Structures are given as C-alpha cells and as structure tokens.
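The values are calculated or read from the model by the stated rules, or taken from the named source; none is laboratory data. Just so you know, these numbers come straight off a predicted model, no measurement behind them. Ideal geometry is used to build each Cβ from the backbone, glycine not excepted, and the neighbour counts take in all protein chains shown. Surface accessibility is based on the protein's heavy atoms, side chains included, excluding ligands, DNA and RNA. Shrake-Rupley method; radii C 1.70, N 1.55, O 1.52, S 1.80 Å.
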Amino acid sequence: MRSEIKSELKEWMIALLFGFLIFLLIRYFVFAPYRIDGNSMSSTLENNDKVLIWKLLYNENNIDRFDIVVFKANEKENYIKRVIGLPGETVEYINDQLFIDGKYVPEPFLEDDRANLGPGQQFTNDFTLEEIAHVDTIPEGQVLVLGDNRLNSYDSRHYGLVPVDDIIGEAKLRFWPFGEMTRDFN
C-alpha cells in the first residue's frame, strides 16, 4: 500500500514538473505578456492595458507594415510601437499623410484621433527619413516605428531606426481590460 502511494506521488510530481517546463517554454519562446506603460500608443492601446506578444518565428522576413511590436529600447526598457517603414523603403510625412516610396499610404487606425484635431493642426508633423535617420532608404535589418499618439510619442523620430534583432515580438491580443479584448489593431 505504501509503495502504491509513493508511486502515485512520484507520477504526480513528474506530471507537475513536465507541465511547469511546458509553461516555461511557452512563456519564454512563444508568448509573453506585456503591460503598456505610457500613452504613446493611445488610442489604440492605453496606459496599463495588457497584451500578449507573439515571439516565435517573428523576424525580418515576416514583419508587416502596421504591426505593433515590442522591442528592446535599452538594457532596462522595452517599448511598444507600430511598424511604419520596412527595409528598402523611403518614408516621409507631408501634410499629415504617410508616403512610402513616393506613394500615399492611408493609416485608418489614426482617423478617430485626427478627427479631434483643430483646424490646420497636424497629427503627424512633416519629416523625411533623411531628417530623422540620415539615410535615403531604410537599411536591411532595420525598421521605422511610430507611436499611434503622434503628438505624444517618443519613437523613431527621436531615436532613429530600430534594429530588427531588437524586436521581441508582435502584439497579437489585448487581454486586459477584459471588456476591451482586441485582436485587430488596425
């Protein structure tokens, strides 16, 4: 009887250990939670919202324009911003409009915020890639990122382009607050 209890206890311990290892693998290599700190992504993501970021196989080959990504800003901080420019592209804003390689690209996720502007006010100030990054086109292995709250965002306009290797993953799901769970950020 005693050996049966020990055997069952051993099986439970192995199952719990195995479950914990699977949890750690998923947590560190597949998904990770991230808490929004600040207002640079308002009104898409608000301060203290929580999102799940997808880490597995996210690299330069599958980054798309307008993905919302978390990246290493420095040794202590990670930032969350939207990818605007991709490697090989020219980017500029003229009269609050995005131009990629000379062609206008709409940003529908900004329309509600732009509607609240006063007459003649711009949501995104004019700039060229040359002005903010001192290059004509975005080099391989880098992207241009901006916060959705263009009037109050510390982004590529301030610190330049972001190395793709510094991207941790893409925000896929806002899970907090529960009543505002969202999968599509565009």
Rg/Rh for region 95-161, where both radii come from Cα atoms and Rh is the Kirkwood radius: 0.96
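Can you check what the net charge comes to around N48, using other residues whose Cβ is under 14 Å from the Cβ of N48 (Lys, Arg +1; Asp, Glu -1)? Before the final figure, lay out each step's value.
Numbers: positive: R35, K50, R174; negative: D37, E46, D49, E180.
Its environment carries a net charge of -1.
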Roll a 1.4 Å probe over the protein heavy atoms and report the accessible area of Y34 in Å², nearest 10. 40
Virtual paramagnetic centre 7 Å along Cα→Cβ of T128, amide N under 17 Å, in region 61-91: 89-91
Working out 0.36 nm times the residue gap between N39 and F109, then minus their Cα-Cα distance, what length gain in nm do you get to one decimal? 23.7 nm
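At a threshold of 8 angstrom on Cα-Cα distance, excluding pairs fewer than six apart, so keeping six or more, what relative contact order does region 27-136 reach in percent? Don't jump to the answer; show the numbers that get you there.
On the way: 134 pairs, mean separation 18.5, N = 110.
This gives 17 percent for region 27-136.
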Taking a crude spin-label model, label points 7 Å out from Cα along the C-beta direction, the F175 to Y154 distance in nm is 2.8
Kindly identify the chain as rounded, prolate or oblate by the Cα gyration tensor criterion: order the square roots of the eigenvalues as a ≥ b ≥ c, call it rounded if a/c is under 1.5, otherwise compare a/b with b/c, prolate if a/b is larger, else oblate. prolate
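Would you kindly state how much longer the chain becomes between N61 and D101 on full extension, computed as 0.36 nm times their sequence separation minus their alpha carbon distance, in nm to one decimal?
Numbers: separation 40, 0.36 × 40 = 14.40 nm, distance 1.94 nm.
Contour length minus Cα-Cα distance gives 12.5 nm.
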So which of K76/K172; K55/K103; K81/K103; K72/K172; K50/K72 end up more than 29 Å apart by C-alpha? K55/K103
In degrees, nearest 10, range 0 to 90: what is the angle between the Cα axis of helix 2-29 and the longest Cα principal axis of the chain? 10
